[in-house]
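Chemist: Shown below is the structure under consideration.
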Amino acid sequence: MSTRIEGKASSEGVTLSSLSEAKSALAGMGDSYEKHVLHDINRLQIATDALKSEIENQGKRNDVFLIGHNIAGLGDTFNYDLVTVIGCNLCRFLERPQALGDAGLEIIQSHIKALKTVIENKMKGDAHPDGCQLVEPLKKMTSREIE
């Protein structure tokens, strides 16, 4: 999702006009967010599949991290708070120095599946009733692996 938003700065910083323009640009992107994030989730799956063949390859692990980080970054902006929570949890897991192994790959797959579930079911907001059922098991998995 690459949309260029040019701000207008004054001597006091960003103006109300530029904030309003940025808000409008983001609102226009909202209609296509699901399509773009599903594309990114697909890219995350492809990067994870590549990592499976070379599980100790730090570059491939970093690719998975960066895509997950990008997915997490826009979730809140488009009212997909669960996307941000899941993406951040994945990134924290990948930041740890331990080798991934098969269990680590399963944890990554669980995050990908959860991200798809959130988008496909349009689970918006920060208080979705099924959100805890998705997030809590992921947090338990990653905390167990990190300890």
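Chemist: So in segment 90-147, with the set limited to residues that are of a type in the set (Ser, Thr, Tyr) and surrounded by fewer than 19 Cβ atoms within 10 Å (Cβ to Cβ), which one is nearest to Asn57 (Cα to Cα)?
Modeler: Filtering segment 90-147 for residues of a type in the set (Ser, Thr, Tyr) gives 110, 117, 142-143.
Narrowing further to those that are surrounded by fewer than 19 Cβ atoms within 10 Å (Cβ to Cβ): 110, 117, 143.
Numbers: Ser110: 21, Thr117: 28, Ser143: 23 Å.
Going through the qualifying residues, I end up with Ser110.
Chemist: Scan Ile107, Ile119 and give me the residue that is out of contact with any Lys or Arg (no Cβ under 7 Å at 6 or more places or on another chain) and within 19 Å of Val37 (Cα to Cα).
Modeler: Values: Ile107 fails: within 19 Å of Val37 (Cα to Cα).
Result of the check over Ile107, Ile119: Ile119.
Chemist: Let me ask something additional. Helices (runs of 4 or more DSSP H) wholly in segment 28-119 with at least 2 residues that are farther than 20 Å from Thr142 by Cβ - which ones? Lay out the reasoning, then the answer.
Modeler: Details: elements: 33-53, 58-75, 81-95.
The helices (runs of 4 or more DSSP H) meeting that bar are 33-53, 58-75.
Chemist: On to the next question. Among the residues of segment 120-131, is any part of a helix (DSSP H, G or I), within 24 Å of Ser143 (Cα to Cα), at pLDDT below 95 and touching a helix residue (DSSP H, G or I) at 6+ places or on another chain (Cβ under 7 Å)?
Modeler: Yes, there is a match, as at least one residue in segment 120-131 is part of a helix (DSSP H, G or I), within 24 Å of Ser143 (Cα to Cα), at pLDDT below 95 and touching a helix residue (DSSP H, G or I) at 6+ places or on another chain (Cβ under 7 Å).
Chemist: List pairs: first in segment 80-100 and in contact (Cβ under 8 Å) with a residue 24 or more places away in the chain, second of a type in the set (Val, Ile, Thr), Cβ under 6 Å, 6+ apart or cross-chain?
Modeler: Leu82/Val118; Val83/Val118; Val85/Val135; Gly87/Ile71; Asn89/Thr142; Phe93/Thr142; Arg96/Ile146; Leu100/Ile55
The values are calculated or read from the model by the stated rules, or taken from the named source; none is laboratory data. Keep in mind the model is a prediction, meaning the values are calculated, not measured. All Cβ positions, glycine included, derive from the backbone under ideal geometry; neighbour counts span all protein chains shown.
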